[in-house]
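The values are calculated or read from the model by the stated rules, or taken from the named source; none is laboratory data. Since this is a predicted model, take the numbers as computed values, not measurements. Counting neighbours? That spans all protein chains shown, and the Cβs are built from the backbone with ideal geometry, glycine included. Each accessible area value is taken on the protein alone, full model and side chains, heavy atoms only, with ligands, DNA and RNA left out. Shrake-Rupley method; radii C 1.70, N 1.55, O 1.52, S 1.80 Å.
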Amino acid sequence: MSLASWLESHRTSVVATAAVLAFGGLASLSSLPVGLFPSTSFPRVVVSVDSGDRPADRMIIEVTRPIEESVRGVPGVRNVRSTTSRGSCDISIDFAWGTEMIAATLQVDSAISHVAGALPTGTSFQTRRMDPFVFPVLGLSLASTANRSLVELRDRALYELAPRLSTVVGVSRVGVQGGRSAEFQVLLDPARLEALALTLEDVVRSISAANVVEAVGRLEQDERLYLLLADTQVSDASSLGDVILRSDERGLVQLEDVAEIRAGTAPEWTRVTAAGVEAVLLNVYQQPDGNTVQIARDVAARLREYQVGLPPDVHIATWYDQSEFIEGSVGAVRDAILFGAGLAIAVLAASLGSWRVTLVVALAAPAVLAITLLLLGALGMTINIMTLGGIAASVGL
């Protein structure tokens, strides 16, 4: 029996199966993740190293070269490239296609950790995979029209907004840029230090030892167990001035005896503005399997809830929204698919002159597209400009 004969004899079952698959594809449309690019595992790991203001030639010898030698021992490494500048370097490690990049990233991180002790003091590094999700999908700005303190704006972004947005399904992290960080500034008098036989290291050690929170024991009372804490954290400039630098037969020396203490802000080398005023930026990053469009909607809902309690002079604005571009691209490709399908049906109707054949094509084309959506979900793929482009091309074929 030929295939045509078999289909003819089982046409009811074939049509019913196609209808079930088509309805399944339509039902899966709402659960398919929507993104700009497909989720790919690009075989590259990038290491960003910061070592203060160290000159570039010393960076190459003391930082870049030891890290390169350590990562070359990671299994599967194909190529290592680096770019070194004053105080920083970026190292790219390439692997073969098909490598399990989560394991490779952990191995690179472990290899660098083994040589971290030999690197110059203060050197820090960050290891990350290269994929389409290293860039934010949503950018927000927090600004005030009443010259509100940038310290307050940063604290709001860091301790209120960022934790709220981090709980949105599909969000991997929320980065905060700009603003100011409050600090106490200790301006030492070198002459007084020398007269009291003290050094800068003595001051640093004393302040570090005095600014701690630690458990000192347990207390059992009335069938209850209490944890005892010693909290000596610095809360204001006066308490910092009371820090004891030395207490012996030569007398008592406090920090205020050798330094001027004042409240200030940490130096910032990058200025962030939004709509012409200084602001704090929040960058929202998504997980590899996240739905960009749904993330943007959920973030907008959280922002509406948060804005209820905001002062009237504090405003939150969206300066970058990848979901808008995605929705525009998806809409354009969708319109192209519908237009192409309409043209194909019209050409068939004009060429064949048979309304029955035209009706079969008119019903089969959307059914096939719906079944395609079901297969995308089954294969763990997403709706993006690549998959939609393939669907559009298949309509023409």
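Of the residues making up segment 188-215, those that are under 22 Å from G251 (Cα atoms), of a type in the set (A, V, I, L, M, F, W, C) and loosely packed, with under 14 Cβ neighbours inside 10 Å are A191, A195, A197, L200, V204, A209. In segment 364-397, the residue that is nearest to Q322 (Cα to Cα) out of those that are touching a residue at least 60 places away in the same chain (Cβ under 8 Å), hydroxyl-bearing (S, T, Y) and part of a helix (DSSP H, G or I) is T387. Whether any residue in segment 17-25 is closer than 21 Å to P132 by Cα, in contact with a helix residue (DSSP H, G or I) (Cβ under 6 Å, 6 or more places away or on another chain), hydrophobic (A, V, I, L, M, F, W, C) and modelled with pLDDT under 85 is what I want to check. There is no residue in segment 17-25 that is closer than 21 Å to P132 by Cα, in contact with a helix residue (DSSP H, G or I) (Cβ under 6 Å, 6 or more places away or on another chain), hydrophobic (A, V, I, L, M, F, W, C) and modelled with pLDDT under 85.
Considering (1) touching a Lys or Arg at 6+ places or on another chain (Cβ under 8 Å); (2) assigned to a helix (DSSP H, G or I), the lone condition that D335 does not fulfil carries the number (1).
Could you say whether any residue in segment 285-294 is more than 19 Å from the chain's Cα centre (by Cα) and either hydrophobic (A, V, I, L, M, F, W, C) or part of a strand (DSSP E or B) (or both)? No: segment 285-294 contains no residue that is more than 19 Å from the chain's Cα centre (by Cα) and either hydrophobic (A, V, I, L, M, F, W, C) or part of a strand (DSSP E or B) (or both).
Taken together, the residues in segment 256-268 that are in contact (Cβ under 8 Å) with a residue 40 or more places away in the chain and in a loop (DSSP other than H, G, I, E, B) amount to 3. Of all residues in segment 298-336, those satisfying the criterion of being β-branched (V, I, T) and under 12 Å from V284 (Cβ atoms) are V299, T318.
Residues are listed down the side, and each one gets a yes or a no for (1) modelled with pLDDT of 90 or more; (2) acidic (D, E); (3) over 30 Å from V174 (Cβ atoms); (4) not in a helix (DSSP H, G or I):
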position: E194; (1), (2), (3), (4): no, yes, yes, no
position: A197; (1), (2), (3), (4): no, no, yes, yes
position: E220; (1), (2), (3), (4): no, yes, yes, yes
position: Y226; (1), (2), (3), (4): no, no, yes, yes
position: L229; (1), (2), (3), (4): no, no, yes, yes
position: Q233; (1), (2), (3), (4): no, no, no, yes
position: S238; (1), (2), (3), (4): no, no, yes, no
position: S247; (1), (2), (3), (4): no, no, yes, yes
position: T270; (1), (2), (3), (4): no, no, no, yes
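Taking the conditions exactly as written (assigned to a loop (DSSP other than H, G, I, E, B), under 30 Å from A191 (Cβ atoms) and open to solvent by less than 90 Å² (accessible area, probe 1.4 Å)), does V253 satisfy them or not? Answer is no for this residue. The set of residues in segment 118-166 that are of a type in the set (A, V, I, L, M) and part of a loop (DSSP other than H, G, I, E, B) comprises L119, M130, V134, V137, A146. Number of residues in segment 296-323 that are assigned to a helix (DSSP H, G or I) and more than 12 Å from G139 (Cα to Cα): the value is 9. Among the criteria (1) open to solvent by 70 Å² or more (accessible area, probe 1.4 Å); (2) among the acidic types (D, E); (3) at pLDDT below 90; (4) closer than 30 Å to L310 by Cβ, the one E160 does not fulfil is (3). Exactly one residue among D90, D109, D131, D94 is out of contact with any strand residue (DSSP E or B) (no Cβ under 7 Å at 6 or more places or on another chain) and surrounded by 14 or more Cβ atoms within 10 Å (Cβ to Cβ), and that residue is D131.
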